[in-house]
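The values are calculated or read from the model by the stated rules, or taken from the named source; none is laboratory data. Since this is a predicted model, take the numbers as computed values, not measurements. Using ideal geometry, Cβ is built from the backbone for each residue, glycine included, and neighbour counts are taken over all protein chains shown. The area values use the complete protein model at the heavy-atom level, side chains included, leaving out ligands, DNA and RNA. Shrake-Rupley method; radii C 1.70, N 1.55, O 1.52, S 1.80 Å.
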Amino acid sequence: MNSPTLINCPACGAQVSNQAPSCPRCGQPISGRTYQPSIPQQTSQPQTPAMFQQYSEPATKSGVGKKLGIGCLALFGFFVVLAVIGSMISSLHNRNTPGTQPAAATSYLSYPKERVQSGEKIYKGIEAKYKMPLGFTWMAKEISLSVPIDEWNALSKEDQINVTLYGESLISQVKANPRKYIDEWKRRTGGLETNYGTFVDNASHLCDQCWQVVVGKLVKDDGKFDIIEEETIGGENAEAFRRQTEKKVITYTEPANVMSPGDYLSEAKKLLGDNPDAASDDDVVKAYFYLKEIPPSAPEYKEARGIIPRIERRAIRAAKKSLEPYATTK
């Protein structure tokens, strides 16, 4: 048996036993053969993969340093071009992706004045027809425009948006002269909470989103028309409504930091129990308003609309009853 001797690895030149199965450095098979280099003078240096040979050749060869510099410069230029293109694509994507623009971008101020004026003309026609002037929500914390659902459905999609634009534009007018609008509301309702000053103060400090267009079934009570609410379009959901109506958004996006439609439906069911008729007035009112918060684009909307008719009239009666201690009768 031959004694082991050290030989140079035919691949990388490292010293290895002639009886080793392979080179421990590069994995080249060794056992059973003795390497006889075809060019002895070049076996002292490891071979370089072909794709890197032009960069790892000794700098003493003519033109290699220049090639390396040109290659690095070209590579740098390539990455600069990629960065610029990436920036342009990102900017274009953000410009056209729903939700990336601030809410102010779709406020009434971003629309032509003619559309706001069109919304005003439409609403004032409805107001005169049904004698339903601009109203307010509880404690005058929001302004409210009432539109019968038949009138609403008869409007074009553009005109529906125009009415919301007019509603939003009224915020500045009400803040500038709150007593005028509070007094008109007082004449309409036939009474007002005793803290009239608080109403005026709230109306003079309305936020930009403190408005709503209430769409619902037209009813008549004591010779006066009123609306049983079915849909509310207001400051918080106006942008989504306008985008959806103009077919720019087709899916419901759940707002951050609020209850989801599923939460509203779940809470309403808990309050009503198995028999809504046996629930307390307070629970019915709460459940009613929870269900009304579910937008038409949410999956839970259909189920909510099936529950609302059972409790609607009772909820409205209970809500009005709760306000009686604050009302001033004639």
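Consider only pairs whose beta carbons are under 8 Å apart and that are at least six residues apart or on different chains; among these, list those whose first residue lies in segment 110-126 and is more than 15 Å from VAL213 (Cβ to Cβ) and modelled with pLDDT under 95 and whose second residue is open to solvent by 40 Å² or more (accessible area, probe 1.4 Å) and not acidic (Asp, Glu). Filtered contacts from segment 110-126: SER110/ALA104. For segment 253-262, the count of residues that are more than 16 Å from the chain's Cα centre (by Cα), at pLDDT 80 or above and not in a strand (DSSP E or B) is nonzero.
Selection over segment 157-207 of residues that are part of a loop (DSSP other than H, G, I, E, B) and modelled with pLDDT under 90 gives a count of 6. Within segment 131-150, the set of residues being buried (at least 18 other Cβ atoms within 10 Å of the Cβ), out of contact with any Cys (no Cβ under 8 Å at 6 or more places or on another chain) and at pLDDT 90 or above comprises SER144, LEU145, SER146, VAL147, PRO148. If you go through segment 160-199 and keep only what is surrounded by 20 or more Cβ atoms within 10 Å (Cβ to Cβ) and of a type in the set (Phe, Trp, Tyr), you end up with TYR166, TYR181, PHE199. Sub-6 Å Cβ pairs linking a first residue in segment 135-157 that is under 19 Å from SER169 (Cα atoms) to a second residue that is at pLDDT 90 or above and assigned to a loop (DSSP other than H, G, I, E, B), at least 6 apart or interchain, are GLU142/CYS210, ordered by first then second residue. If you go through segment 302-314 and keep only what is surrounded by 16 or more Cβ atoms within 10 Å (Cβ to Cβ), within 17 Å of VAL214 (Cα to Cα) and in contact with a Leu (Cβ under 9 Å, 6 or more places away or on another chain), you end up with just ILE308. Consider segment 200-233 and keep the residues that are more than 24 Å from THR164 (Cβ to Cβ) and of a type outside the set (D, E, K, R). The one that is surrounded by the fewest Cβ atoms within 10 Å (Cβ to Cβ) is GLY223.
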